[in-house]
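A quick write-up on the structure given underneath.
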Amino acid sequence: MNRASNEFKKRKFVNVFSGNLAIFCSDERFVEATIDFLKEDLEIKTCDLVVVAGGPVFIAQKESSLIERLELLINFHQIKKIILISHENCGYYKHFYPELSSQNLEKFQVEDLRKSLNFLKEKGIEGYAFFAYTEKDQIFFREIK
Ligand SMILES: [Zn+2]
């Protein structure tokens, strides 16, 4: 059957939840590298996404509307594993903490990641946290424990 010219067929629909979720910042400079990192280095082939300015900071800062949505996903998509990724030079952090140097900002972000990991641990979720940074013209990911 011919489809209308304003309809576009894409890939096959797979009706399965992997139980994986990745939370990261919407900053386009890091998005593609982050998805490559999830697939190639963490071997997470599919996952739910929460992509929002500041990424996982909303967990550490207990932003209730986003926490509620996170809990919905955890319950309805049977999320078991969550990957949290913050990145260097994040506009969200720079906006809210303009007085911090980039080194202190990074320390602050790492602390937020650890707080968020604890939140996940309390919920019985397997959590992993990473900090994305640049060196020359490459993006790297460092695990935060
Ligand atoms: Zn950002």
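FYI, it's all coordinate maths here, none of it is from the lab. All values derive from a computational prediction rather than experimental measurement. Every residue, glycine as well, gets a Cβ built from its backbone with ideal geometry; the counts of neighbours run over all protein chains shown.
Points worth noting:
- Which listed residue, of VAL50, VAL31, VAL57, VAL110, is among the β-branched types (Val, Ile, Thr), in contact with a Phe, Trp or Tyr (Cβ under 7 Å, 6 or more places away or on another chain) and closer than 26 Å to PHE17 by Cα: VAL57
Per-residue answers, yes or no, for (1) among the β-branched types (Val, Ile, Thr); (2) farther than 18 Å from VAL110 by Cα; (3) within 14 Å of the ligand (Cβ to nearest atom); (4) under 10 Å from the mean Cα position of the chain (by Cα):
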site: VAL31; (1), (2), (3), (4): yes, yes, yes, yes
site: ILE44; (1), (2), (3), (4): yes, yes, no, no
site: LEU49; (1), (2), (3), (4): no, yes, no, yes
site: GLU68; (1), (2), (3), (4): no, yes, no, no
site: ILE74; (1), (2), (3), (4): yes, yes, no, no
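- Note on the range 76-92: residues that are in contact (Cβ under 8 Å) with a residue 60 or more places away in the chain and within 14 Å of the ligand (Cβ to nearest atom) amount to 7.
- Among the residues of the range 93-111, those that are more than 12 Å from the ligand (Cβ to nearest atom), of a type in the set (D, E, K, R) and without any contact (Cβ under 8 Å) to a residue 40 or more places away in the chain comprise GLU99, GLU106, LYS107.
- Within this structure, ALA53 fails the test of being of a type in the set (A, V, I, L, M, F, W, C), within 17 Å of LYS145 (Cβ to Cβ) and within 16 Å of the ligand (Cβ to nearest atom).
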